[in-house]
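Asker: First the structure, which I've put down as structure tokens, then a few questions once you've had a look.
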Amino acid sequence: MPSIAADIVDAYVFRRLNGRTQFLLLRRRADVSLGGTWQAIHSTIENGESAVDAAQRAVQTRTGLAVVDAYSADYVNQFYDHHTDTLILAPVFAFPAPPKSRVTVGEEYSDFAWCERDEATGRLLFAGQRWAIRHIDDVIAPGGPEAEVYRIR
């Protein structure tokens, strides 16, 4: 019987620039797992750390961005890891960044891009990632009362 693990998080950074929402995607180095693919930010949750704290730490360490506001994206990304026979559950968080944020990619990555919705979903490999982008773009990024329901910080 497969095991279930909920020890990772997904974090999506977005910004509003010229009235449009853009998402930060990172390109994995060619010599690492899933090399050359574009992704949002993923990280393990350390002992004693909350899921949102893990997501915020991952954003800081992988991009150099010091995000403050945090939103639950009202989604748990789920996938099956056939190597370990494990169903993985990863809560998804969204973090707004200032329009002119300076990104410094971590050592696992070779590049980054700020992409609008269609370009972002076109670059992402997994359906759960594309769903998260669309939901954040529709509900959280525009702001307002509906977005405030999802605000954590």
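Asker: Taking only segment 96-153 into account, find how many residues are under 15 Å from the mean Cα position of the chain (by Cα) and of a type outside the set (Asp, Glu).
Answerer: 29
Asker: To continue, here is another question. Give me the strands (runs of 3 or more DSSP E) completely within segment 9-90, filtered to those with at least 3 residues that are among the charged types (D, E, K, R) and either closer than 20 Å to Val103 by Cα or in contact with a Lys or Arg (Cβ under 8 Å, 6 or more places away or on another chain) (or both), ordered by residue number.
Answerer: The strands (runs of 3 or more DSSP E) meeting that bar are 20-28.
Asker: Let me ask something additional. Looking at Val52, Val67, Val32, which is the one that is within 19 Å of Ile140 (Cβ to Cβ) and either acidic (Asp, Glu) or touching a residue at least 60 places away in the same chain (Cβ under 8 Å) (or both)?
Answerer: Val52
Asker: I'm told Tyr75 meets every condition in (1) within 22 Å of Leu34 (Cα to Cα); (2) at pLDDT below 95; (3) within 13 Å of the chain's Cα centre (by Cα) except one. Can you identify the failing condition by its number?
Answerer: (1)
Asker: For Leu25, work out the one condition from (1) surrounded by 13 or more Cβ atoms within 10 Å (Cβ to Cβ); (2) more than 19 Å from Glu119 (Cα to Cα); (3) of a type outside the set (Val, Ile, Thr) it doesn't fulfil.
Answerer: Unmet condition: (2).
Asker: Still on this structure, I have one more. Would you check which residues across segment 79-101 are modelled with pLDDT of 95 or more and of a type in the set (D, E, K, R) and list them?
Answerer: Selection gives Asp85 alone.
Asker: Report yes if Val52 is under 13 Å from the mean Cα position of the chain (by Cα), surrounded by fewer than 21 Cβ atoms within 10 Å (Cβ to Cβ), among the β-branched types (Val, Ile, Thr) and under 22 Å from Glu116 (Cα atoms), otherwise no.
Answerer: no
Asker: Now a separate question. Residues that are crowded, with 16+ Cβ neighbours inside 10 Å and modelled with pLDDT of 95 or more: which helices (runs of 4 or more DSSP H) entirely in segment 108-152 hold 2 or more of them?
Answerer: By residue number, 117-123, 127-135.
Asker: Quick check, is Val32 in contact with an Asp or Glu (Cβ under 8 Å, 6 or more places away or on another chain) and either at pLDDT 95 or above or not aromatic (Phe, Trp, Tyr) (or both)?
Answerer: yes
Asker: While we're here: Among the candidates Arg62, Arg20, Arg16, Arg57, single out the residue that is under 20 Å from Ile136 (Cβ atoms) and either surrounded by 23 or more Cβ atoms within 10 Å (Cβ to Cβ) or of a type in the set (A, V, I, L, M, F, W, C) (or both).
Answerer: Exactly one residue qualifies, and that residue is Arg62.
The values are calculated or read from the model by the stated rules, or taken from the named source; none is laboratory data. None of the values given here were measured: they were computed from a predicted structure. In this analysis, Cβ positions are derived from the backbone assuming ideal geometry, glycine residues included, and neighbour counts consider all displayed protein chains.
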